[in-house]
Amino acid sequence: MTTVRLRHVHTDLALHQLRDRDGGAHPLLLLHGLGERTPDSVPLIAGAWPGSVWGLDFTGHGDSSRPSCGGYTAEVLLADVDHALEVLADDGPVTILGRGLGAYVGLLIAGARAELVAGTVLTDGPGLAGGGPSQHSPSITHARGGVDVLQRSGADRAARLDPDKPDPYALLELAIDVRPADYATTYARLAVELSPVDQPLSVATVARHPWIDAVADLPGVVRERAADALRRFAA
């Protein structure tokens, strides 16, 4: 595995190349779930992909850096992916395979940068539902054993974080990040209208959540197995 370091505002992002391309096919970008990181090798589901395979560690996860005071949202991660696409798009539009939280972020980037995305596959994984479709009453939450880290600030907090574990702030804030159905469908419609491929969104999830069902019901969105979607987008 080869890692490319990307500087994005105040964050260092880790973009991992898991496999070089075989022929002229365009790249596949893996987006992991909440609390996860890019796998060390190409997952079985993507084993037949004919192009290069990459994985991005979101801010606060894996080998990417941690902000000094949290502030995680799906839109922050959307910006991470946008920066990675600017690098990968030299080889043409990129297909995205998103898992859990990565599926939701993959949907957002499919609409926001439709011209750079050649199909997005949404699959099950941690963080798929987020905090549900609407905002809940304000609350204060902490992870057991993580209070000391959360209460520290700035460089001191960042220095004490375990580099092999996700930022506790990321786990807390992204777990309650809302997923409004109408917000998700706005990005889905943009993807369908502006994508360079037909039927650019594939819903391969077993889990059912309001935003997923709303997206899956739109014209131009297909419910299918992830392997079938990847074959279609690779063609």
Return the residue satisfying two criteria in turn: it lies in the stretch 203-235 and is under 23 Å from HIS26 (Cα atoms) and in contact with a Phe, Trp or Tyr (Cβ under 8 Å, 6 or more places away or on another chain), and of such residues it is surrounded by the most Cβ atoms within 10 Å (Cβ to Cβ).
LEU230
For the stretch 1-59, give me every one of the strands (runs of 3 or more DSSP E) that falls completely inside it and has 1 or more residues that are at pLDDT below 95.
2-8, 11-19
Could you give me the residue pairs with C-beta distances under 7 Å whose first residue belongs to the stretch 19-39 and is without any contact (Cβ under 8 Å) to a residue 60 or more places away in the chain, whose second residue is small (Gly, Ala, Ser) and part of a strand (DSSP E or B) wherever it lies, and which are 6+ apart or on separate chains?
THR38/GLY55; PRO39/GLY55
Of all residues in the stretch 192-225, count the ones that are in a strand (DSSP E or B) and either within 18 Å of PRO126 (Cβ to Cβ) or touching a His at 6+ places or on another chain (Cβ under 8 Å) (or both).
1
Per the list (1) within 14 Å of PRO166 (Cα to Cα); (2) in contact (Cβ under 8 Å) with a residue 60 or more places away in the chain; (3) out of contact with any Lys or Arg (no Cβ under 9 Å at 6 or more places or on another chain), residue check on ILE45 breaks on (1)
Which residue pairs have Cβ atoms closer than 9 Å, lie 6 or more positions apart in sequence or on different chains, and pair a first residue in the stretch 164-175 that is touching a residue at least 60 places away in the same chain (Cβ under 8 Å) and farther than 19 Å from PRO39 by Cα with a second residue that is of a type in the set (Gly, Ala, Ser) and in a helix (DSSP H, G or I)?
LEU174/ALA74
The residue from LEU31, LEU15, LEU6, LEU107 that alone is out of contact with any Lys or Arg (no Cβ under 6 Å at 6 or more places or on another chain), buried (at least 21 other Cβ atoms within 10 Å of the Cβ) and farther than 20 Å from ARG232 by Cβ is LEU15
Where ARG179 falls short, out of the listed (1) in a helix (DSSP H, G or I); (2) buried (at least 22 other Cβ atoms within 10 Å of the Cβ)
(1)
What do you reckon, is ALA89 under 16 Å from the mean Cα position of the chain (by Cα) and either in a helix (DSSP H, G or I) or within 22 Å of ASP228 (Cβ to Cβ) (or both)?
no
Tally, over the stretch 48-74, of residues that are closer than 18 Å to PRO166 by Cα and either of a type outside the set (A, V, I, L, M, F, W, C) or crowded, with 24+ Cβ neighbours inside 10 Å (or both)
18
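The values are calculated or read from the model by the stated rules, or taken from the named source; none is laboratory data. Everything numeric here is computed off the predicted structure, so don't read it as measured data. Using ideal geometry, Cβ is built from the backbone for each residue, glycine included, and neighbour counts are taken over all protein chains shown.
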